[in-house]
Amino acid sequence: MKTIPFFPYADLFKRDEAALTEVMVGVCRRGAYIQQQECRDFDASLAKFMGVKHAFGVANGTDAIIIGLKAVGIGSGDEVIVPSHTYIATAASVHLVGATPVLAECGADHMLDAADVAKRITPKTKAIMPVQINGRTCDMDAMRTVADRHGIMIVEDAAQALGSRFNGQCAGTFGKFGTISFYPAKLLGCFGDGGAIVTNDDEVASRIALLKDHGRNADGRVVAWGYNSRLDNMQAAVLNYKLKSYPQEIERRRSVAARYQAGLGDLAELALPPAPDADSRYFDVYQNYELQADRRDELRAYLDKQGIKTIIQWAGTPVHQFKELGFTVDLPKTDAFFKRCMMLPMNTTLTDDDVDYICDTVVAFYGA
C-alpha cells in the first residue's frame, strides 16, 4: 500500500539538497543575515516575474497585509470587504489596523462573489480585498466593476496565488497593492516564514519601504512609525534560487490538476475545481486542490486507511464562524461549501503513479 502525505515538508529540501546547502552556506560564510544583497536581488526578481514596479520582501504574509493596509491609509472607521472563505489572517489584518472586516460569500468557483460584495458596501467601505485562493484569481473584471461603481479601492491577498493570472495579468497586481506568502507549504515556499508586498503605485511603495523597517528612510533616519518586518536574508537567498525554476513548478502543478480531472471528472459525487484549460481567461497554478465531495468525512476516512492523507482547509472553519470574534453574519453558501470541501494532495513531489493511485482509490470508494 502506498503512503502519500498531504505535504512532504522535508522533501522541499531533500530534492535539491546540494544546491540549497550551497546557497545557505554562502550567506553564512559572508555573515549576510539582514537586508543584504540577496534581499535586493529577490525583490527585483519578484517584481520582474510579476510585472510590477515595486516588490518588498517582509517577515510574513500577515505583516504584508497589515503594512499594505496602513500604506494605503486604511484605519479606524473604515470597512474592508473580504471573503469568509479565507484564513483568519486576512480579516485579522483589517482588524489590527483599526478597520472592520466585512465578510462576504464565495461563488461557485470558491472565490469571492462580486455580486455579494456589492450588497455589502456601505458609506464606510474603503476597500474590497479579494483573496486569490488556492492558486486561482477572482473574476477581476467583475470586481473592478463593483469597485469603480462605488469609488472604492481594490487591495489583494494573493498569498496562495503567485503566478496565477486573470486575462494575462498576475494575481496581486490589480489593486493598490497585493501580498504574497512564502510559508513553506505555499507555491514558492521558503524554510520558515516570509512574505512580500507588490505595488505599481510609487507613493504607496514609499510608505511600504518606511513601514517595513522601523520607519527608516534611505539615509537610515527614522521619519515615521514603522514595523520590524524584514524578509530574512537567508530566506531571500533560498527564494531567489527557487524562483528561477518556478515556472516549471507551476507547469507540474497544472499537470497534476489535469490528471485529477481525467481521473475524477466523471464522478457525480464530486465537484472539482476548474480544469487547467476550462476557461481561457484564467491561468490557475493550483496552490491546493480543493474539491467538494458527497459523504466527505467517510471518503477522508477511507483514503486515510489506504495511506492517502487529506485535509479540510483551516480546520473546516470559515472566518464568519468564529463567533468569539464577534461575527454574526449569515453566509449560507459558504456554510454549505464547508460541509463538503476537502483537499487532495497537491505538490510537485507527487508522481503520476501517486495521482493515479489517489484517483483510483476515490473511484473505488464511490463504487464507480
What pairs come up if the first residue lies in region 35-47 and is under 13 Å from ALA205 (Cβ atoms), the second is assigned to a loop (DSSP other than H, G, I, E, B), and their beta carbons are under 9 Å apart, counting only those six or more places apart or on different chains? ASP43/LEU231; ALA47/LYS53
Pick from region 284-297, criterion more than 17 Å from LYS186 (Cα to Cα) and either in a loop (DSSP other than H, G, I, E, B) or touching a residue at least 60 places away in the same chain (Cβ under 8 Å) (or both), ranking: most open to solvent (accessible area, probe 1.4 Å): ARG295
Hey, among ARG252, ARG259, ARG230, which residue is open to solvent by 50 Å² or more (accessible area, probe 1.4 Å), among the basic types (Lys, Arg) and in a loop (DSSP other than H, G, I, E, B)? ARG230
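Listed here are the residues, each with its yes/no results for (1) touching a strand residue (DSSP E or B) at 6+ places or on another chain (Cβ under 6 Å); (2) under 26 Å from LEU350 (Cα atoms).
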{"site": "ILE208", "(1), (2)": "yes, no"}
{"site": "LEU211", "(1), (2)": "no, no"}
{"site": "ALA218", "(1), (2)": "no, no"}
{"site": "SER229", "(1), (2)": "yes, no"}
{"site": "LEU243", "(1), (2)": "no, yes"}
{"site": "TYR246", "(1), (2)": "no, yes"}
{"site": "ARG252", "(1), (2)": "no, yes"}
{"site": "SER255", "(1), (2)": "no, yes"}
Candidate set from region 107-123 (those that are open to solvent by less than 40 Å² (accessible area, probe 1.4 Å) and assigned to a loop (DSSP other than H, G, I, E, B)); member that is farthest from HIS150 (Cα to Cα): HIS110
I need the full set of residues from region 129-142 which are under 17 Å from GLY175 (Cα atoms) and in contact with a His (Cβ under 9 Å, 6 or more places away or on another chain), in order please. VAL131, ILE133, ARG136
Scanning region 153-167 residue by residue, those in a loop (DSSP other than H, G, I, E, B), of a type outside the set (S, T, N, Q) and farther than 14 Å from ALA185 by Cα turn out to be VAL155, ALA158, GLY163
For region 333-355, which positions are open to solvent by less than 50 Å² (accessible area, probe 1.4 Å), more than 18 Å from ARG15 (Cα to Cα) and part of a helix (DSSP H, G or I)? THR334, ASP335, PHE337, PHE338, VAL355
Taking region 76-106, which residues are surrounded by fewer than 21 Cβ atoms within 10 Å (Cβ to Cβ), assigned to a loop (DSSP other than H, G, I, E, B) and touching a residue at least 60 places away in the same chain (Cβ under 8 Å)? TYR87
What number of residues in region 32-56 are modelled with pLDDT under 95 and surrounded by fewer than 15 Cβ atoms within 10 Å (Cβ to Cβ)? 2
For residues that are closer than 13 Å to VAL256 by Cβ and in contact with an Asp or Glu (Cβ under 7 Å, 6 or more places away or on another chain), tally how many sit in region 266-286. 2
Hey, could you check region 176-200 for residues that are open to solvent by 10 Å² or more (accessible area, probe 1.4 Å) and more than 14 Å from the chain's Cα centre (by Cα) and say which is nearest to VAL58 (Cα to Cα)? GLY192
Quick one: what pairs do we get from region 1-23, first residue under 11 Å from ILE308 (Cα atoms), second part of a helix (DSSP H, G or I) and among the β-branched types (Val, Ile, Thr), C-beta under 8 Å, 6+ apart or different chains? ILE4/ILE358
Based on this model, can you work out whether ARG207 counts as out of contact with any Lys or Arg (no Cβ under 6 Å at 6 or more places or on another chain) and either free of Cβ contacts under 8 Å to residues at least 40 places away in the same chain or surrounded by fewer than 18 Cβ atoms within 10 Å (Cβ to Cβ) (or both)? no
Answer from ALA209, ALA218 - the residue that is out of contact with any helix residue (DSSP H, G or I) (no Cβ under 7 Å at 6 or more places or on another chain), at pLDDT below 95 and hydrophobic (A, V, I, L, M, F, W, C): ALA218
If a residue has to be of a type in the set (Val, Ile, Thr) and open to solvent by 20 Å² or more (accessible area, probe 1.4 Å) to count, how many in region 124-156 make the cut? 2
Within region 339-368, track down each residue that is free of Cβ contacts under 8 Å to residues at least 24 places away in the same chain and closer than 18 Å to ALA271 by Cα. ALA364, GLY367
Look through region 57-75, keep the residues that are among the small types (Gly, Ala, Ser) and surrounded by 24 or more Cβ atoms within 10 Å (Cβ to Cβ), and return whichever of them is nearest to the chain's Cα centre (by Cα). GLY61
When (1) on the phi > 0 side of the Ramachandran plot; (2) buried (at least 21 other Cβ atoms within 10 Å of the Cβ); (3) not in a loop (DSSP other than H, G, I, E, B) are applied to ALA315, the one that fails is (2)
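The values are calculated or read from the model by the stated rules, or taken from the named source; none is laboratory data. If you're wondering where the values come from, they're calculated on a predicted model, not measured in any experiment. Reconstructed Cβ throughout: ideal geometry from the backbone, glycine too, with neighbour counts over all protein chains shown. What goes into the accessible areas is simple: the full protein's heavy atoms, side chains included, and nothing from ligands, DNA or RNA. Shrake-Rupley method; radii C 1.70, N 1.55, O 1.52, S 1.80 Å.
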